[in-house]
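Undergrad: One structure, pasted below without further comment.
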């Protein structure tokens, strides 16, 4: 069984928000594509099995959820970063489905590790009922989190996100490892 499904945010034809650092610009899809592969290898060091899932088309649809659910993973994360026209918008937030206690636990761990690693403003957890991210969070059969570690449109956040990729690998790996351990302990207590 797979422990984690890692979903790359967006699609090659709809790459998402743009992160800008000086003259360099990179869109969400292009940032997370190599990161997802590196995260998969990094998780393997912890004996955590993972698989990378790519969006099958530019629009969110049932096919993405089918692919994620087919992994039968214990949890899923989707990699994104925020973008906003106000360059003062900053910080990390994690989105989870409003009725998923396990999703909230995973989101909380990812948020703690991310804020500590990137040293960004803590925007907290967002319990989603509808709107942004609802289809993914509601449609997956496992606890799922949409990771928004920073604002690509904020110069400080963008710099941290771009230059602390190795730290973010450790943060996500550590949070996922801790989540899976807590889940295993809970399952043992319930048995």
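Undergrad: Residue 3 versus (1) at pLDDT below 95; (2) in contact with a helix residue (DSSP H, G or I) (Cβ under 7 Å, 6 or more places away or on another chain): which is the lone unmet condition?
TA: It is condition (1) that residue 3 fails.
Undergrad: Return the residues of region 81-93 that are within 21 Å of residue 34 (Cα to Cα) and either modelled with pLDDT of 95 or more or touching a helix residue (DSSP H, G or I) at 6+ places or on another chain (Cβ under 6 Å) (or both); say none if nothing qualifies.
TA: Once the filter is applied, which keeps residues that are within 21 Å of residue 34 (Cα to Cα) and either modelled with pLDDT of 95 or more or touching a helix residue (DSSP H, G or I) at 6+ places or on another chain (Cβ under 6 Å) (or both), region 81-93 yields 81, 92.
Undergrad: Criterion first (surrounded by fewer than 22 Cβ atoms within 10 Å (Cβ to Cβ) and in contact with a helix residue (DSSP H, G or I) (Cβ under 8 Å, 6 or more places away or on another chain)) does residue 51 satisfy it?
TA: So residue 51 fits the description; yes.
Undergrad: Please indicate, with yes or no, whether at least one residue in region 30-41 is assigned to a strand (DSSP E or B) and within 16 Å of the chain's Cα centre (by Cα).
TA: Scanning region 30-41 turns up no residue that is assigned to a strand (DSSP E or B) and within 16 Å of the chain's Cα centre (by Cα).
Undergrad: Tell me whether region 95-102 contains one or more residues that are crowded, with 22+ Cβ neighbours inside 10 Å and over 25 Å from residue 34 (Cα atoms).
TA: Looking for residues that are crowded, with 22+ Cβ neighbours inside 10 Å and over 25 Å from residue 34 (Cα atoms), one finds at least one in region 95-102, hence yes.
Undergrad: Yes or no: region 66-80 includes at least one residue that is under 15 Å from the mean Cα position of the chain (by Cα) and at pLDDT below 95.
TA: The answer is no, given that none of the residues of region 66-80 is under 15 Å from the mean Cα position of the chain (by Cα) and at pLDDT below 95.
Undergrad: Taking region 1-26, which residues are assigned to a strand (DSSP E or B) and surrounded by 20 or more Cβ atoms within 10 Å (Cβ to Cβ)?
TA: 4, 5, 6, 7, 8, 19, listed by residue number.
Undergrad: Out of (1) in contact with a strand residue (DSSP E or B) (Cβ under 7 Å, 6 or more places away or on another chain); (2) touching a residue at least 40 places away in the same chain (Cβ under 8 Å), what's the single condition that is false for residue 29?
TA: Residue 29 satisfies every listed condition except (2).
Undergrad: Moving on. Can you pull out the residues in region 163-176 that are touching a helix residue (DSSP H, G or I) at 6+ places or on another chain (Cβ under 8 Å) and either within 13 Å of residue 110 (Cβ to Cβ) or surrounded by fewer than 17 Cβ atoms within 10 Å (Cβ to Cβ) (or both)?
TA: Result: 165, 167, 168, 169, 170, 171, 172, 173, 174, 175, 176.
Undergrad: Tell me whether region 128-135 contains one or more residues that are modelled with pLDDT of 95 or more, crowded, with 18+ Cβ neighbours inside 10 Å and either in contact with a helix residue (DSSP H, G or I) (Cβ under 9 Å, 6 or more places away or on another chain) or closer than 22 Å to residue 29 by Cα (or both).
TA: yes
The values are calculated or read from the model by the stated rules, or taken from the named source; none is laboratory data. In this text the structure is predicted, and so the values were computed from the model without any measurement. All Cβ positions, even for glycine, are placed from backbone atoms using ideal geometry, and neighbour counts span all protein chains on display.
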